Amino acid sequence: MTLWTAIVLACAVTYLTKLAGYAVPARWLQNPRMARVAGAITVALLSALTVMNTFASGTALVLDARLAALAAAALALWLRLPFLLVVVLGAAAAGAVRWWG
């Protein structure tokens, strides 16, 4: 299978999956359990993405400036600072750790 065949196939599967969402009956989507499941899946996927981008480098587990950035951003979120400030503080923490080390 060539690369372009794989890309076109992946695009088709993605499109058909999104299109299948319109076929779901409305009563299924109005179920309170569905709202809880959708919220839980969103949080779980975002958490997994954050962990993978913070602690992984290729196939190795690493502890570097990204961990400091995550800690600074988490603290800023806990303090309920504006989102732009959260991003700036995370970037500053990563920059400081990389500069020192």
* To do: Over the range 46-101, give the accessible area per residue in Å² for a 1.4 Å probe, as an integer.
  => 76 Å²
* Asked: For the chain, what's the relative contact order in percent, using C-alpha pairs closer than 8 Å and at least 6 residues apart?
  -> 17 percent
* Structure fact -> For the chain, the Debye formula with one identical point scatterer on each Cα and no solvent gives log10 I(q)/I(0) at q = 0.13, 0.14, 0.21 Å⁻¹ as -0.79, -0.85, -1.04
* Asked: In the chain, carbon and sulfur make up what percent of the accessible area (probe 1.4 Å)?
  -> 75 percent
* **Ordering of 94-100, 25-31 by burial proxy (mean other Cβ atoms within 10 Å per residue, highest first)** => 94-100, 25-31
* Structure fact -> Ordering ARG36, ARG66 by the accessible surface of their heavy atoms, 1.4 Å probe, largest first, yields ARG36, ARG66
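The values are calculated or read from the model by the stated rules, or taken from the named source; none is laboratory data. This one's a predicted model, so the numbers in the text were calculated from it and none came from an experiment. With ideal geometry, Cβ positions are generated from the backbone for all residues, glycine too; neighbour counts draw on all protein chains shown. For accessibility, only protein heavy atoms count, side chains too; no ligands or nucleic acids. Shrake-Rupley method; radii C 1.70, N 1.55, O 1.52, S 1.80 Å.
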